[in-house]
1. In whole percent, what relative contact order does the range 96-179 give with Cα contacts below 8 Å and a gap of six or more residues?
2. Two decimals is fine: what's Rg over Rh for the range 139-179, C-alpha atoms, Kirkwood radius as Rh?
3. Using Stokes-Einstein with the Kirkwood hydrodynamic radius over Cα pairs, what translational diffusion coefficient do you get for the range 69-179 at 20 °C and a viscosity of 1.002 mPa s, in µm²/s rounded to a whole number?
4. Need the C-alpha centroid separation for the range 151-179 versus the range 99-125, integer Å.
5. What distance in nm separates the two pseudo spin-label positions at residue 130 and residue 101, each 7 Å out from Cα along the beta-carbon direction?
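Rule-based calculations on the coordinates, nothing more; no lab input. Since the structure is predicted, the reported quantities are computational estimates derived from the model, not experimental observations. Glycine also receives a Cβ, built like all others from the backbone with ideal geometry; neighbour counts cover every protein chain displayed.
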């Protein structure tokens, strides 16, 4: 999603909030505005929805083959966790409820995603701020290569609050094409 479209979405969300109406869409509405991809989790453990993954380009299971219809590689198919701030290998945000190790799962690569957030370690409470991967494994935080913040952190009742723990979640406008 290009930057103008992301800013337009952010403006609509802010206007809806200013008018006193709820800006939080149900998951079905959010999914209709998402572009997704299927990747294989090779992080070594089960991951939960909102997990931020990076591509694993150095896995030993990599394959490359050529045939009548051309060549194939599975590079860009395997994902893992990272503890690197603002990794340029970011793959997306896990959409499925959970993803077992060595299982294919659906990831948001463009559009809104309810994302795990490093609120204590790597926080920004600015709406529309750039975000990237965090030093907290599988979490988003301050950076530039994942997308933009679309909300503050939310309580169980959907009320916005400042983020302050590494187990927080917030809506991110994901756009991995930024990296």
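1. It comes to 34 percent, rounded to a whole number.
2. Taking Rh as the inverse mean 1/r over Cα pairs, Rg/Rh reads 1.00.
3. Answer from the Stokes-Einstein relation: 150 µm²/s.
4. The two parts, judged by their Cα centres, are 10 Å apart.
5. Here the answer is 3.5 nm between the modelled labels.
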